[in-house]
Amino acid sequence: MATLIHTLADHSDDVNYCAFSSSCLATCSLDKTVRLYSLNDFAELPYSPLRGHTYAVHCCCFSPSGHTLASCSTDGTTMVWDTRNGRRLAVLEQPSGSPVRVCRFSPESTYLMSGAADGSVVLWNAQSLKLYRSGNVKDGSLVACAFSPNGNFFVTGSSCGDLTIWDDKMRCLYNKKAHDLGVTCCDISSQPISDGEHESRCFQMASCGQDNQIKLWLISFADFASAELKYKYTLSGHSAPVLACAFSYDGQMLVSGQVFFCFNTNKVNSFNVIFHTFVFISRYVTTCAFAPCVLLLATGSMDKTVNIWQFDHKQPCSGHIIQNESKKRAVENWSEEDVLAWLHAQGLTDLVGIFKMNNIDGKELLNLTKESLMNELKIESLGLRSKVLRKIEELRVKMESVSVAIPDEFLCPITRELMKEPVIAADGYSYEKEALENWLNNKRRSSPMTNLPLPSLLLTPNRSLKVAISRWLETQQK
């Protein structure tokens, strides 16, 4: 069972990625910042947030030692930071200048990989922070990466749906179409498994995509010059694009953007699952990460928050699927089980039996008063009654805030801020005028969305969009 133990709400825009070291949690956002938190109490570190990127930060990752952190951005750079003091150690510019979507350190800290929207793949020497080798996927933007446990191979995923296996010399060893609408994330378990043929050289790999699917693969490394990817299973239960997936440190659990899967053994295709619903994430889950050595999970969302979940250490693999809806259901539609899960997450576990005995569902929860808590549910403690009512009021406020989320089409793709002077570029997309002019003034002549060359630098005011934004703002002020 997973329990929500903490929520971080410091970012001012969508959370794009989160990553753990043995002592810290790092998060990054469309708000152009990277934030670091102590795992002792989830307090933000004194030198956080890290600032330096001029556009959205898409990904961040710790080195194996945890002493350095890498972050990458639409600004075409990968920055390396000292996690002990927040000092920026290097700015690595993607050779093509294309927006960098993903970065990863190899397990032995030999390389730092950066992948960009134009499909370019770069391996940097993690010690000297100099370019080592580079290559390109055959089509699409590079959006995902995972290293093999020994660091000799890595897998990339692209927006065209391909998974590609590379060796550390940047030779393409294997390529396979995996997701029709594009890969969004991939991860390789650190624990070897047996397929009956290649003992200790086979690993579970998961990939997810825009096709609402998460797929399991068997990836085998026969020697230092060859690798193979075998499709094994498609895990269902998703009703929307799956944006993230990650294995736990022991390989027994897999989490995706919407669903947690538990594996009962280390044998391929051997797992049992049941459903359990959580309702605390209001919008799409964009990222998920397990902590090393402990069953602690972080999930980031488009609602600007990061949730920290704790798993029952006595039952680390009981076969649960814990499903998060892409959009929060109205509280009045909650089932009795949803209410009980909410009580657990709010630290009100002592009241679970009382609520269960009285069949309290979402509607009943919203109708609770001081009198009903005392006279009908027989909750004698004044402090406990006050805490329940305070938590219900917080829930109402949170639900109301979700309903006024800014429509995505009103946000500039570059800054992810509400547009004031939207203009249409030659790529057909609308941007905030000042943001796009800054983009072009930095000697970029490509589309921020497609990375293709712009046939013209002409910017046309999007008056209809400006009117629509103005009308929407008026409705929010009533």
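Where a number appears in this text, it was derived from the coordinates with a stated rule and is not lab data. Keep in mind that what you see is a predicted model, and the values were worked out from it rather than measured. No Cβ is skipped: glycine too gets one built from the backbone with ideal geometry, and neighbour counts run over all protein chains shown.
Could you name the aspartates and glutamates whose alpha carbon sits less than 16 Å from that of Lys433, not counting residues in the same chain fewer than 8 places away? Candidates past the 8-residue exclusion: Glu409, Glu417, Glu421. Close amide-amide hydrogen proximity is noted between Val34 and Leu50, each under 5 Å apart and 5 or more residues distant or on a separate chain (H modeled in the peptide plane; Pro and chain starts excluded). Across all Cα atoms of region 2-311, the radius of gyration (one decimal) and Dmax (whole number) stand at 17.8, 51 Å. By the rule of a C-alpha distance below 13 Å, with chain neighbours fewer than 8 residues away ignored, the aspartates and glutamates paired with Lys356 are Glu336, Glu337, Asp338, Glu364. Counting 0.36 nm for each residue step from Asp139 to Lys169 and taking away their Cα separation leaves a gain of 8.8 nm.
Using a cut-off of 18 Å between Cα atoms, the listed pairs Lys169/Lys232; Lys169/Lys230; Lys138/Lys232; Lys177/Lys215; Lys176/Lys232; Lys138/Lys177 include Lys169/Lys232; Lys169/Lys230; Lys138/Lys232 as exceeding that distance. Annotation: extensible slack from Asn367 through Ala43 equals 113.1 nm (criterion: 0.36 nm per residue apart, minus Cα-Cα distance). Are any of the pairs Lys304/Lys387; Lys32/Lys130; Lys363/Lys391 more than 20 Å apart by Cα-Cα distance, and if so, which? Beyond 20 Å: Lys304/Lys387; Lys32/Lys130. How much net charge surrounds Lys420 when only other residues with a Cβ under 12 Å from its Cβ are counted (Lys, Arg +1; Asp, Glu -1)? For residues surrounding Lys420, the net value is -2.
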